[in-house]
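What follows is one structure encoded as structure tokens, with my remarks underneath.
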């Protein structure tokens with residue numbers, strides 16, 4: 001596994017702030033169809049064991065980068081590159097001409113719109129992204145809503161109503177390679193945003209500024225200083 005240093009300037013996305021966070025970073029074009037067949041969890045010992053193996057493999061990959069295609073709840077589509085550094089760090093670079101930036105630095109998630117010159121800030125531990133970016137996904141916890149096993153896909157639905165309300169995140173894995181293929185975030189209104197990932201590289205090293213949140217600029221905008 002080769003080491004690669006990545007330095008990037010973040011621009012781009014093509015989505016509203018609400019869609020990017022509430023559903024953005026979502027996955028699974030087939031989530032709606034698959035949801036009807038999801039097995040309740042716990043109670044399926046075999047499914048639980050295989051799902052935990054998948055989750056452990058994913059958790060063992062501390063850094064990864066690749067390309068993504070994002071599908072919004074209204075059929076909108078955009079793409080770009082993603083960067084993950086577990087625990088807690090994520091960055092989405094969307095293709096031009098999208099003005100959106102998404103950065104998680106381990107404490108907060110910020111969504112910036114260069115065109116509108118706005119920033120929105122959310123505590124990471126109050127969003128379902130915390131589950132995707134956690135040090136370890138523990139499927140014995142009460143965050144597991146459902147598990148579904150198909151020959152070519154295993155879907156794990158995570159959520160916690162007391163923390164995330166009605167929002168959930170579904171992780172979809174290849175059961176043979178244990179690789180994450182896509183994820184879907186369902187927002188409190190029941191709308192799904194899905195992200196499919198490909199050309200993934202793991203074991204990479206990132207430059208320090210990749211996950212840097214410009215808090216001074218964020219707070220200035222939030223205070224009305226533009």
Study note, to complete from the structure: Among (1) surrounded by fewer than 16 Cβ atoms within 10 Å (Cβ to Cβ); (2) outside any helix (DSSP H, G or I); (3) touching a residue at least 60 places away in the same chain (Cβ under 8 Å); (4) more than 15 Å from the chain's Cα centre (by Cα), residue 217 falls short only on (2)
Check your understanding: Out of region 49-71, which residues are closer than 16 Å to residue 89 by Cα and surrounded by fewer than 21 Cβ atoms within 10 Å (Cβ to Cβ)?
Key -> 58, 59, 60, 61, 62, 63, 64, 66
Check your understanding: Can we say residue 104 is touching a helix residue (DSSP H, G or I) at 6+ places or on another chain (Cβ under 9 Å), buried (at least 21 other Cβ atoms within 10 Å of the Cβ) and modelled with pLDDT of 85 or more?
Key -> yes
Practice item. Examine region 158-172 for a residue that is at pLDDT 85 or above, under 17 Å from residue 84 (Cα atoms), in a loop (DSSP other than H, G, I, E, B) and under 17 Å from the mean Cα position of the chain (by Cα), and state whether such a residue exists. Key: no
Check your understanding: Looking at region 77-86, is at least one residue in contact with a helix residue (DSSP H, G or I) (Cβ under 8 Å, 6 or more places away or on another chain), modelled with pLDDT of 85 or more and under 21 Å from residue 144 (Cα atoms)?
Key -> yes
Point to revise | residue 155 vs. criteria touching a helix residue (DSSP H, G or I) at 6+ places or on another chain (Cβ under 6 Å) and within 22 Å of residue 200 (Cβ to Cβ) | key: yes
Point to revise | Among the residues listed as 112, 80, the single one being in a strand (DSSP E or B) and at positive phi | key: 80
Study note, to complete from the structure: Of the conditions (1) in a helix (DSSP H, G or I); (2) closer than 25 Å to residue 65 by Cβ; (3) at pLDDT below 90, the single one that residue 209 does not satisfy is (3)
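The values are calculated or read from the model by the stated rules, or taken from the named source; none is laboratory data. From a predicted model like this one, the values you see are computed outputs, not experimental measurements. Don't worry about glycine lacking a Cβ; one is built from the backbone with ideal geometry, like all the others, and counts go over all protein chains shown.
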